[in-house]
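Report on the structure given below.
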Amino acid sequence: MTEQTRDLKATTRFDPGPVESRWMARWLDDRLFHAEPDPSRRPYSIVIPPPNVTGKLHMGHALNDTVQDALTRYHRMLGDNACWLLGTDHAGIATQNVVEKQLRAQGRSKEDVGRDEFVKMVWEWRELYGGTIVEQVKRLGCACDYERERFTLDPPYVRAVVKVFVALHAKGYIYKDHYIVNWCSRCGTAISDLEVEYVEEAGHLYHVRYALRGGGSITIATTRPETMLGDTAVAVNPGDDRYRDVVGRVAVLPLLGRELPVVADERVDPAFGTGALKITPAHDLTDFDIGRDHGLPTVQAIGPDGHITAEGGPYAGLSIAEARERVVGDLRSARALVGVEDYTHSVATCHRCGTHIEPLISLQWFMRMDELKAPATAAVLDGRVRFVPERWGRVYVDWMEKLRPWCISRQLWWGHQLPVWYCESEGCGETIVAEEEPRSCPHCGGARLRRDTDVLDTWFSSALWPIATWGWPDETADLAYFYPTSLLSTAREIIFLWVARMVMMGLEFAGDVPFREVYIHSVIQAPDGRRMSKSLGTGIDPVEMIDKHGADATRFGLLLMSSSQDVRFSEEKIAMGRNFANKLWNAGRLVLLAADGALPARSEGELVDRWITSRLARATTAVRAALEACNFAIAVDELYHFVWDEVCDWYLELVKARLYSDDAETRATAAGHAMFVLDAVVRLAHPFLPFVTEEIAAHYGAAPLLRRDYPLAAPGDARPNDEAAVAQVQAAIQALRTYRADQRIAPAQILSATFVADDGGDEARGLYASFAGAFRALSRIEIDASPGGGDGETVVLVPGGRFEVAAPSVDRTEEASRLRAQVEKLEAEVRRSEAKLGSAGFIERAPQAVVDKERAKLAGYIADRDELAARLRSLS
């Protein structure tokens with residue numbers, strides 16, 4: 001017995017922990033995941049959606065990474081030169097917040113340490129903790145090209161970002177302007193529309209009376225009375241007859257006395273509140289647009305720090321909450337507050353910290369989208385970029401039509417600092433945008449230059465991910481070979497934040513789309529249907545699932561949960577994956593021990609061998625078709641049922657007698673074909689369960705599986721006639737199994753049965769006779785399929801005839817004892833149920849459905865008791 005065989009005999013259960021760590025280390029040592037351009041092979045490339053450097057693996061990452069890994073391994077085994085590029089994003093706001101939080105714990109701020117020192121601290125934090133998620137990706141078994149790891153602040157990447165900014169500025173697409181932006185006072189920066197989350201909150205709608213010069217008044221409705229400090233007009237809809245006579249008059253702002261023109265504008269909704277709208281151009285996007293169109297002044301009553309400015313007069317310095325309380329009180333005292341009603345509305349919040357967003361007019365850098373969005377829209381419409389499921393392509397196109405200018409500047413210190421300098425020489429003020437830091441002003445020659453302190457929105461740099469990671473702007477061999485990438489797998493919430501912008505940048509700077517296909521995976525919800533969230537207590541850590549069940553099990557369960565719809569997390573599916581990995585291991589162990597060193601060798605001589613080859617071909621075709629269509633749940637479900645139901649439950653049982661035959665030739669043929677099936681199964685399963693399959697393959701010298709071919713089904717592999725014949729045997733065995741169960745025959749007892757064929761049933765007789773050993777092994781019944789009539793007492797109908805089963809010999813004493821024990825147990829259940837139903841409290845308090853269920857249970861207990869009691873009497 002070899003050491004390898006001894007290990008197999010001793011290992012009756014698959015232990016994923018040591019196997020996973022051992023194989024990942026070996027794969028990395030062997031550089032198995034690395035790829036270089038090779039013109040003789042077809043490229044297949046994926047760039048990972050770069051997780052935040054602050055991040056940990058969460059369920060979204062785990063599902064998405066499993067999808068990408070399955071596709072990468074699959075294409076490698078197809079012979080493609082597959083490269084899955086890994087990397088992380090600097091995540092401006094998120095990373096800066098982490099380090100600022102550390103400083104606050106020390107009683108310091110970033111301003112206390114200064115920009116240079118603060119950025120140095122962030123880099124130090126990144127060196128210590130930035131690799132956490134990469135190590136967790138390895139735990140999942142991901143076949144990323146770890147040698148190509150990229151970071152969005154690597155010097156070559158920074159060069160690419162700067163080049164793009166300068167080029168777009170030169171075209172006039174990037175410009176600086178005063179415009180209303182979404183401002184987070186907690187993060188101290190502007191954020192884009194797509195980084196705003198809307199939360200339903202219970203609030204109030206305040207009705208406030210504004211006096212009119214010359215007499216009368218107009219009442220407005222607002223959810224934010226504190227912003228009235230910045231009002232510069234009142235607006236009504238021109239079609240609203242209620243206010244036809246007040247348009248053109250002047251209203252007086254309560255509390256401050258500011259005069260406000262009453263204007264007419266189509267954007268006012270007559271159905272909201274009173275139909276009259278207070279216009280605060282500095283603090284509302286619609287008001288800003290109305291203000292510009294009507295030439296209204298802007299009054300910024302709320303500052304970037306979230307407090308009232310000097311424009312707020314007596315309310316200056318108050319926080320927003322304090323100002324609201326004081327303003328409402330003063331309006332009530334002035335009898336200008338007409339009424340207050342409860343009102344639930346959608347409130348804009350920062351997606352990073354949850355702080356309420358303040359729309360503020362700010363001098364920011366913007367990017368025009370009109371020239372870039374047209375070709376990016378056409379790429380989806382003409383099929384150069386295909387979405388799966390395809391409905392997301394329509395969502396993408398609809399969103400493109402409504403695209404506004406993008407605020408790309410952020411008031412942060414961590415990130416890509418704008419390549420913009422301002423000349424501070426007297427009388428100059430030139431703005432210089434350049435790839436390299438200028439030594440002097442090209443306009444006046446002055447050397448007093450100040451760099452803009454803002455950084456770029458993280459999504460601006462991320463938009464270059466598919467081109468910059470392959471070496472752009474240099475014309476590298478990687479870029480020429482691996483770009484465009486083959487597929488992008490991502491979540492729906494960043495179709496606009498990231499996917500659309502990558503398409504724009506890829507077309508503009510690399511001359512082609514960044515990927516051919518976009519797979520939008522499902523969102524995994526908490527088991528109760530809520531979103532997974534650490535703060536809500538609904539988050540589930542995938543690393544805990546890996547520790548508990550293994551990486552293969554976690555991958556399998558996640559893929560089984562995936563679909564085109566959002567799904568609830570199910571640990572049962574991961575446990576199902578664990579059981580499947582163990583089933584696969586034990587199937588491999590059985591075959592390897594029986595084969596005793598035999599190599600895979602396909603055989604056509606035996607029906608059961610032809611049958612399993614045919615079923616394997618069908619399974620291979622189904623799994624491959626599902627993979628190609630990104631139907632991962634279907635792919636793993638097909639694999640699961642083929643391996644469990646057909647290979648393990650039937651094939652291995654049907655072939656066991658031959659595997660252990662005394663005839664060497666019979667044994668060798670059976671072993672060779674069983675190895676052929678096992679080898680195909682582990683290759684078929686490898687993209688989904690890489691560790692257990694690699695461990696099995698190593699025992700017969702077939703590892704690493706990434707250097708093996710993926711199974712292919714040849715046209716001649718499908719054998720419908722052979723499948724029909726074995727299906728007939730399966731049906732007959734199942735019928736006899738059902739008979740045994742119905743008769744409650746002890747598992748140890750062997751029965752005998754005689755087959756009686758229908759007219760022309762000789763073919764069935766011969767078929768059943770050839771599987772006599774299987775009938776005994778799988779139904780515990782000795783069959784006689786020789787010609788002649790039967791004389792059994794019980795008839796079991798099967799395809800092609802019937803089995804007449806001889807009455808089982810019974811040890812009356814033992815059987816009577818067994819039946820008596822069962823009758824007594826049922827009697828106890830009858831008494832318990834009758835007592836429960838006889839309780840007035842139960843009948844009165846329990847729901848009717850519960851009472852009905854208990855009555856049904858009692859009827860079942862009585863029926864079973866009476867049947868067994870009758871059998872017991874027949875033995876006496």
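Model label sites at THR132 and ASP758, defined 7 Å from Cα along the beta-carbon direction, differ in position by 6.8 nm.
Ranked from largest, the principal axis spans of the Cα set of the stretch 439-578 equal 71, 38, 26 Å. Is any residue of the stretch 68-89 close enough, with backbone N under 19 Å, to a label point placed 7 angstrom from the Cα of GLU149 along the Cα-Cβ axis, and if so, which? Answer for the stretch 68-89: 69, 83-89.
What a 1.4 Å probe finds exposed on the stretch 298-455 is 47% carbon and sulfur by accessible area, rounded to a whole percent.
What FRET efficiency would be calculated for the residue pair THR223, GLU493, taking the C-beta separation as r and a Förster radius of 30 Å, to the nearest 0.05?
Numbers: r = 26 Å, r/R0 = 0.88.
Computed FRET efficiency for THR223 and GLU493: 0.70.
Ligands, DNA and RNA aside, HIS443 has an accessible area near 130 Å² when probed at 1.4 Å. Each of ALA170 and ASP398 was given a label point 7 Å from its Cα along the Cα-to-Cβ line. The distance between the two points is 3.9 nm.
For ARG292 and GLU325 in the same chain, what is the full-extension length gain: residue separation times 0.36 nm, less their Cα-Cα distance, in nm?
Values: separation 33, 0.36 × 33 = 11.88 nm, distance 3.02 nm.
Result for the pair: 8.9 nm of gain on full extension.
Could you give the size of the charge dipole of the stretch 3-146 about its Cα centre, using +1 on the Cβ of each K and R and -1 on the Cβ of each D and E, expressed in debye and rounded to the nearest 20? Let's see the in-between values first.
On the way: 20 positive and 21 negative charges, 75 e Å.
It works out to roughly 360 debye.
Backbone amide hydrogens, once placed in the peptide plane, bring ILE180 within less than 5 Å of SER362, excluding anything fewer than 5 places away on its chain.
Considering only the Cα atoms of the stretch 494-649, their convex hull presents on average a projected area of 13.7 nm². Only lysines eight or more places from LYS573 in sequence, or on another chain, were considered; those with a Cα closer than 24 Å are LYS56, LYS138, LYS534, LYS548, LYS583.
Report Rg(Cα)/(2.2 N^0.38 Å) for the stretch 377-453, keeping two decimals.
Numbers: Rg = 20.7 Å, N = 77, 2.2 N^0.38 = 11.5 Å.
Scaled against compact globular proteins, the figure is 1.80.
For the chain, adding -39500 (n - 2.57) for each run of n ≥ 4 DSSP H residues and dividing by the number of residues yields -13500 deg cm²/dmol at 222 nm.
For the chain, the relative contact order comes to 12 percent (Cα pairs under 8 Å, sequence separation of at least 6).
Going by accessible area, probe 1.4 Å, with all protein chains left in place, what is the ranking of ILE290, ILE494, largest first?
On the way: ILE290 0, ILE494 30 Å².
From most exposed to least exposed: ILE494, ILE290.
Using the Cβ-Cβ distance between SER770 and GLU814 with R0 = 30 Å, the FRET efficiency computed as 1/(1 + (r/R0)^6) comes to roughly 0.25.
Largest to smallest in accessible area, the residues LEU381, LEU488 fall in the order LEU381, LEU488 (1.4 Å probe, all protein chains included). Per-residue SASA remark: TYR660, around 140 Å² accessible (1.4 Å probe; ligands, DNA and RNA not included).
Kirkwood radius, the stretch 1-137, all distinct C-alpha pairs, inverse of mean reciprocal distance: 18.7 Å.
Counting only alpha carbon atoms, the long axis of helix 370-381 and the longest principal axis of the chain meet at about 20°. Just to be sure I understand: of the beta bridges DSSP finds with both ends in the chain, what percent are antiparallel, rounded to 5? Close to 70 percent.
Phi-derived couplings, Karplus 6.51 cos²θ - 1.76 cosθ + 1.60 at θ = phi - 60°, listed residue by residue for the stretch 772-778: 4, x, 5, 4, 5, 5, 9 Hz, with x used for Gly and Pro. Inter-label distance, ALA105 to LEU32: 3.9 nm, where each label sits 7 Å from its Cα along the C-beta direction. For Rg/Rh (Cα atoms, Kirkwood Rh), the value calculated from this model appears in (i) 0.98; (ii) 1.03; (iii) 1.10 under label (iii).
Here's how it looks for VAL347: its modeled amide H is under 5 Å from those of VAL199, GLU200, GLU201, which are all 5 or more places away or on a different chain. Check cross-link reach from LYS373 to the lysines: straight Cα distance under 16 Å, and skip same-chain residues fewer than eight apart. Reachable lysines: LYS171, LYS402.
Accessible area per residue of the chain at 1.4 Å probe, in Å²?
Numbers: 38570 Å² over 876 residues.
For the chain, the solvent-accessible area averages 44 Å² per residue.
How would you classify the stretch 122-162 from its alpha-carbon gyration tensor, with a ≥ b ≥ c the square roots of the eigenvalues: rounded for a/c under 1.5, else prolate if a/b is greater than b/c, otherwise oblate? Oblate is the answer for the stretch 122-162, as a/c is 1.5 or above yet b/c matches or exceeds a/b.
Atom-type composition of the exposed protein surface of the stretch 633-726 places 50 percent of the accessible area on carbon and sulfur (1.4 angstrom probe). Ranking TYR175, TYR640 by solvent-accessible area of protein heavy atoms (1.4 Å probe, all protein chains present), from largest to smallest, gives TYR175, TYR640.
Projected over all directions and averaged, the alpha-carbon convex hull of the stretch 578-724 occupies 8.3 nm².
In loop segments of the stretch 540-639 as defined by DSSP, the GluC sites (Glu not before Pro) with at most 16 further C-beta atoms inside 10 Å of their C-beta are GLU604. In this calculation the C-beta distance from ALA657 to ILE750 is compared with R0 = 22 Å, giving a FRET efficiency of 0.90.
Here the alpha carbons of the stretch 765-868 define both size measures, Rg and Dmax, at 22.3, 66 Å.
Give me the net charge for the shell around THR232: Cβ to Cβ below 12 angstrom, other residues only, Lys and Arg +1, Asp and Glu -1. The answer is -2.
Taking a straight Cα-Cα cut-off under 23 Å and skipping sequence neighbours fewer than 8 places away in the same chain, the lysines within cross-link reach of LYS110 are LYS101, LYS120.
The values are calculated or read from the model by the stated rules, or taken from the named source; none is laboratory data. Values in this document were obtained by computation on a predicted structure and should not be read as measured data. Backbone-built Cβ (ideal geometry, glycine too); neighbour counts: all protein chains shown. When the accessible area is computed, the model is the full protein with side chains, heavy atoms only, and any ligands, DNA or RNA have been set aside. Shrake-Rupley method; radii C 1.70, N 1.55, O 1.52, S 1.80 Å.
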